[in-house]
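Student: Structure incoming, see below.
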Amino acid sequence: MCVSASGLVFLAGCQAPPSKYPVVQISRVLSGQSIEWIDKSQQPPVIQRGRLVGIDAPDMGQEPWGNQAKQRLEELIDTSGKDGVSIEFESTDADKYGRKYVYLWKNGQLLNEQLLKDGCVLANMRNASSSSSSVSGTKYRDRFLRGSQYARIMGVGIWSPTQPMRMSPSEFRKEEP
């Protein structure tokens with residue numbers, strides 16, 4: 001189970017998102033690393049998809065970890081609430097599924113990093129699905145690596161000694177029929 005690390009002290013260097021990032025209302029969480037929002041800046045409004053940069057969430061078929069990562073992202077975003085999230089775009093590129101590469105911020109918290117601290121996802125500094133060298137996920141590299149190390153040391157989520165995830169998401173996807 002992914003665990004919230006909010007009750008424990010972990011220094012990773014607080015950094016609030018600049019106000020220049022647009023605030024969006026997330027309409028749906030598709031997985032532990034994929035989201036949808038309605039872009040009201042376009043007329044008519046269109047549904048946009050995003051992929052969180054710097055992380056690799058367990059596949060939804062990797063039970064129980066895939067579903068737990070999705071649920072934790074839903075909790076962090078709180079799609080039922082009125083508060084939106086700030087969205088920082090890594091680049092103007094999209095992956096092969098049309099998802100834009102994003103960092104999500106809510107109340108000064110970098111959600112990509114929080115998923116790592118909670119042991120819900122793996123750090124991934126290079127998005128394998130990207131054909132673009134401009135998408136690397138290294139902007140917050142140190143924060144992401146510290147978050148991942150923290151979860152590993154604490155033995156939470158996918159790092160649990162009693163129920164560890166034994167196959168990375170990319171290995172799992174390669175073995176799927």
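Student: Cut-off is 10 Å between beta-carbons; in what order do I26, I47, I38, I158 appear when sorted fewest neighbours first?
Tutor: Working: I26 22, I47 10, I38 15, I158 26.
Ranking I26, I47, I38, I158 by Cβ neighbours within 10 Å, fewest first, gives I47, I38, I26, I158.
Student: Residue farthest toward the positive end of the dipole of segment 23-175, with Cβ of Lys/Arg at +1 and Asp/Glu at -1: which of G61, M165, P44?
Tutor: M165
Student: Summing +1 for each Lys or Arg and -1 for each Asp or Glu, what net charge is found among the other residues whose Cβ lies under 14 Å from the Cβ of C120?
Tutor: Details: positive: K70, R72, K117, R152; negative: D56, D59, E63, E74, E75, E113, D118.
Spelling it out: positives minus negatives among the neighbours equals -3.
Student: Rank these for me by crowding, W159, W65, W37, going from fewest to most other beta carbons within 10 Å. It would help to have the intermediate numbers written out before the result.
Tutor: Numbers: W159 18, W65 27, W37 23.
If I rank by nearby Cβ atoms, fewest first, I get W159, W37, W65.
Student: To continue, here is another question. Could you size up the charge dipole of segment 21-106 around its Cα centre, putting +1 on the beta carbon of Lys and Arg and -1 on that of Asp and Glu, and report it in debye to the nearest 20? Display every interim value, and only then the final one.
Tutor: Numbers: 11 positive and 13 negative charges, 45 e Å.
Using only the charged Cβ atoms, the result is roughly 220 debye.
Student: Sticking with this one: For F172, F89, F144, which order do you get if you count the other beta carbons within 10 Å of each Cβ and list the fewest first? Please list the in-between numbers first.
Tutor: Working: F172 17, F89 14, F144 27.
Going from sparsest to densest Cβ surroundings: F89, F172, F144.
Student: I would also like to ask the following. Can you pick out the pairs among K20/K82; K82/K139; K117/K174 whose Cα atoms lie more than 24 Å from each other? It would help to have the intermediate numbers written out before the result.
Tutor: Working: K20/K82 20 Å; K82/K139 29 Å; K117/K174 26 Å.
Listed pairs above 24 Å: K82/K139; K117/K174.
Student: Given +1 on the Cβ of Lys and Arg, -1 on the Cβ of Asp and Glu, and no further charges, what dipole in debye does segment 23-175 carry about its Cα centre, rounded to the nearest 20? Please list the in-between numbers first.
Tutor: Values: 21 positive and 18 negative charges, 40 e Å.
Around 200 debye, computed over segment 23-175.
Readers should treat all values here as calculations from the given coordinates under stated rules, not as data from a laboratory. None of the values given here were measured: they were computed from a predicted structure. Using ideal geometry, Cβ is built from the backbone for each residue, glycine included, and neighbour counts are taken over all protein chains shown.
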